[in-house]
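The values are calculated or read from the model by the stated rules, or taken from the named source; none is laboratory data. All figures in this text were calculated on a predicted structure; none of them were measured in a lab. Using ideal geometry, Cβ is built from the backbone for each residue, glycine included, and neighbour counts are taken over all protein chains shown. SASA here: full protein model, heavy atoms, side chains in, ligands and nucleic acids out. Shrake-Rupley method; radii C 1.70, N 1.55, O 1.52, S 1.80 Å.
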Amino acid sequence: MRKCLRCATEMVEDLDVKVEGGVYGLKVTQQGIFKDNLGKFKCAVCPECGYSEIYVTELSKVKKLALNNKKK
Ligand SMILES: [Zn+2]
């Protein structure tokens, strides 16, 4: 459960983030053109104040990146 950072109301989660006018979602990748797809953005919106945040659900690849960054 996500709570709004502004007003602590329970947020509505798992909403899709899409480009307006298109059916395409947004994805997260490493920098560079042909890098690995790291996951899809999801969105949570606070029903009280409208504050919204974007998050990634599949974190295994991102966790790997974080480990690699620590080694550097
Ligand atoms: Zn709120």
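Regarding the range 51-69, can at least one residue be identified that is assigned to a strand (DSSP E or B), of a type in the set (Gly, Ala, Ser) and within 16 Å of the ligand (Cβ to nearest atom)?
Taking the range 51-69 first, the residues assigned to a strand (DSSP E or B) are 52-56.
So of that shortlist, the ones also of a type in the set (Gly, Ala, Ser) come out as 52.
Checking the rest, the ones that are also within 16 Å of the ligand (Cβ to nearest atom) come to 52.
Within the range 51-69, one or more residues are assigned to a strand (DSSP E or B), of a type in the set (Gly, Ala, Ser) and within 16 Å of the ligand (Cβ to nearest atom).
Identify the residue in the range 37-50 that is within 16 Å of the ligand (Cβ to nearest atom) and either open to solvent by 80 Å² or more (accessible area, probe 1.4 Å) or among the hydrophobic types (A, V, I, L, M, F, W, C) (or both) and, among all such residues, is nearest to the chain's Cα centre (by Cα). Steps first, answer last, please.
Filtering the range 37-50 for residues within 16 Å of the ligand (Cβ to nearest atom) gives 43-50.
Then keep just the ones that are either open to solvent by 80 Å² or more (accessible area, probe 1.4 Å) or among the hydrophobic types (A, V, I, L, M, F, W, C) (or both); that gives 43-49.
Values: CYS43: 7, ALA44: 9, VAL45: 12, CYS46: 15, PRO47: 18, GLU48: 21, CYS49: 20 Å.
So, considering only residues that are within 16 Å of the ligand (Cβ to nearest atom) and either open to solvent by 80 Å² or more (accessible area, probe 1.4 Å) or among the hydrophobic types (A, V, I, L, M, F, W, C) (or both), the one nearest to the chain's Cα centre (by Cα) is CYS43.
So, of the residues in the range 11-36 that are touching a residue at least 12 places away in the same chain (Cβ under 8 Å) and assigned to a strand (DSSP E or B), which turns out to be nearest to the ligand (Cβ to nearest atom)?
Step one: filter the range 11-36 for residues touching a residue at least 12 places away in the same chain (Cβ under 8 Å), giving 11-17, 25-28, 30, 36.
With the extra rule that they be assigned to a strand (DSSP E or B), the set shrinks to 12-16, 25, 27-28.
Values: VAL12: 11, GLU13: 13, ASP14: 17, LEU15: 15, ASP16: 20, GLY25: 24, LYS27: 27, VAL28: 24 Å.
Among those residues, the one meeting the criterion is VAL12.
I'd like to verify a number: residues in the range 9-36 that are more than 27 Å from LEU65 (Cα to Cα), open to solvent by less than 60 Å² (accessible area, probe 1.4 Å) and of a type in the set (Gly, Ala, Ser), how many? Can you show your working first?
Initial filter on the range 9-36 (more than 27 Å from LEU65 (Cα to Cα)): 9-12, 20-23.
Add one more test, that the residue is open to solvent by less than 60 Å² (accessible area, probe 1.4 Å), and what stays is 9, 11, 22.
Still in the running and of a type in the set (Gly, Ala, Ser): 22.
Residues that pass the stated criteria total 1.
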